[in-house]
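> My structure is below; once you've seen it, I'll send some questions.
The values are calculated or read from the model by the stated rules, or taken from the named source; none is laboratory data. Note that the structure is predicted; figures quoted are calculated from it, not measured. Please note: Cβ atoms are built from the backbone with ideal geometry, for glycine as well, and neighbour counts cover all protein chains shown.
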Amino acid sequence: MRLIGRRRTREVPDVDDTCLQCGRPGTDLLAADAERVRQSCRVCGAVLTSPTSRRLRSAENVPDVPDATDEPLAAYLPPDMLAWLRDKHGPDLPDAPDKAVMTAWHTAYDEFTARTAEDGDPRPPKFGKVVGALNAACFDVDLALGRLVPKGGDADREIARERAEHLLRWVAGPGRPDTWIATATAAPSPAAPSPAAPSPAGSAAAGAGAAGAGASGVDADVVEASEIEGILALPQLTDAVRAGGDRTLRRALFGVQKGPALADVVAHFGEEKVREALRAHASDGSRPLLAALTERLDAAAR
């Protein structure tokens with residue numbers, strides 16, 4: 001047989017992806033010729049050789065795959081991983097898993113695939129690393145991939161993208177309470193700042209807001225217009241980050257002290273749009289980029 005390496009069967013036209021041992025989709029194609037096909041199963045771990053004619057799809061041979069709309073976890077987990085979990089745990093899986101559950105599932109599945117993988121096979125980045133990259137990259141999968149596989153090949157990027165796209169939907173849904181944006185969204189709407197020096201009452205209120213921000217990372221008070229004007233005078237906003245102004249930028253743009261990487265904010269929205277958002281905050285206390293990212297997550301959750 002001609003060795004193919006390890007390639008997902010579902011990427012090969014007309015070859016059945018279903019495992020002959022466990023009946024689940026999710027096989028890798030290892031070798032093939034006109035007479036035989038050798039596949040390994042990501043679900044049960046079986047490695048089987050079968051007649052090529054038996055593995056070719058036809059109108060009578062297409063496996064009955066459940067509709068994704070009938071599987072609530074299909075949005076959050078790739079098909080191979082979901083089939084493995086169902087095989088291990090049956091129907092007793094939560095429809096809206098929290099962070100602890102998702103961490104446990106991904107850890108167990110990654111350990112299983114590591115045992116069946118061969119040297120050189122691409123491995124997906126760990127659950128926590130993907131979720132962290134999505135949070136840092138404004139929930140932009142392409143920017144997150146730049147963090148996850150900066151030097152990876154096509155196979156590494158493909159497997160990382162598959163996990164990141166599924167986890168984006170989880171972050172937008174059951175995982176949103178653990179994101180920085182959930183804390184920012186919960187902050188009360190601030191009043192418009194004054195370009196002039198704040199009144200004593202305003203200073204006291206701002207001080208109280210800053211004191212309350214320590215534990216949660218939320219800083220709901222507005223940033224003084226003079227601070228924003230100083231940042232806008234810089235040739236590039238990334239200069240403010242190098243000058244230690246990253247906290248001021250996060251407060252103005254998102255109402256948080258800890259949040260997305262500001263270089264990724266500029267990469268995602270563009271320099272001019274970020275500057276417009278800073279001007280809007282200086283003018284009326286609004287945070288249009290926070291609203292845009294909230295809408296992005298709402299759309300991903302649907």
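> Go through (1) over 16 Å from the mean Cα position of the chain (by Cα); (2) at pLDDT below 90; (3) closer than 24 Å to Arg296 by Cα one by one and return the number of the condition Gly153 breaks.
That leaves (3) as the condition not met.
> Looking only at the range 21-76, count how many residues are of a type in the set (Val, Ile, Thr), more than 22 Å from Ala114 (Cα to Cα) and modelled with pLDDT of 75 or more.
Residues that pass the stated criteria total 2.
> Being surrounded by 20 or more Cβ atoms within 10 Å (Cβ to Cβ), charged (D, E, K, R) and part of a loop (DSSP other than H, G, I, E, B) is the filter here; which residues of the range 137-165 pass it?
Result: Asp140, single match.
> Please go through the range 98-119 and give me each residue that is modelled with pLDDT of 90 or more and either among the polar types (S, T, N, Q) or touching a Phe, Trp or Tyr at 6+ places or on another chain (Cβ under 7 Å) (or both), ordered by number.
If the condition is that a residue be modelled with pLDDT of 90 or more and either among the polar types (S, T, N, Q) or touching a Phe, Trp or Tyr at 6+ places or on another chain (Cβ under 7 Å) (or both), then Met102, Thr103, His106, Thr107, Tyr109 are the ones that fit.
> From the list Ala277, Ala233, Ala243, Ala263, pick out the single residue that is surrounded by fewer than 19 Cβ atoms within 10 Å (Cβ to Cβ) and touching a residue at least 24 places away in the same chain (Cβ under 8 Å).
Ala263
> Can you find even one residue in the range 121-130 that is in contact with a strand residue (DSSP E or B) (Cβ under 8 Å, 6 or more places away or on another chain), surrounded by fewer than 16 Cβ atoms within 10 Å (Cβ to Cβ) and in a loop (DSSP other than H, G, I, E, B)?
Looking for residues that are in contact with a strand residue (DSSP E or B) (Cβ under 8 Å, 6 or more places away or on another chain), surrounded by fewer than 16 Cβ atoms within 10 Å (Cβ to Cβ) and in a loop (DSSP other than H, G, I, E, B), one finds at least one in the range 121-130, hence yes.
> Do the conditions hold for Asp95, that is, is it modelled with pLDDT of 85 or more and outside any helix (DSSP H, G or I)?
yes
> Still on this structure, please answer the following. Lys88 - would you say it is more than 23 Å from Arg24 (Cα to Cα), out of contact with any Phe, Trp or Tyr (no Cβ under 6 Å at 6 or more places or on another chain) and charged (D, E, K, R)?
For Lys88, the condition - more than 23 Å from Arg24 (Cα to Cα), out of contact with any Phe, Trp or Tyr (no Cβ under 6 Å at 6 or more places or on another chain) and charged (D, E, K, R) - is not met.
> Select the helices (runs of 4 or more DSSP H) contained entirely in the range 185-289, then report the ones holding at least 1 residues which are touching a His at 6+ places or on another chain (Cβ under 8 Å), modelled with pLDDT of 85 or more and of a type in the set (Gly, Ala, Ser).
Where helices (runs of 4 or more DSSP H) fall fully within the range 185-289 and carry at least 1 residues being touching a His at 6+ places or on another chain (Cβ under 8 Å), modelled with pLDDT of 85 or more and of a type in the set (Gly, Ala, Ser), they are 246-254.
> Confirm whether Leu134 is at pLDDT below 95 and either under 21 Å from Gly23 (Cα atoms) or surrounded by 14 or more Cβ atoms within 10 Å (Cβ to Cβ) (or both).
For Leu134, the condition - at pLDDT below 95 and either under 21 Å from Gly23 (Cα atoms) or surrounded by 14 or more Cβ atoms within 10 Å (Cβ to Cβ) (or both) - is not met.
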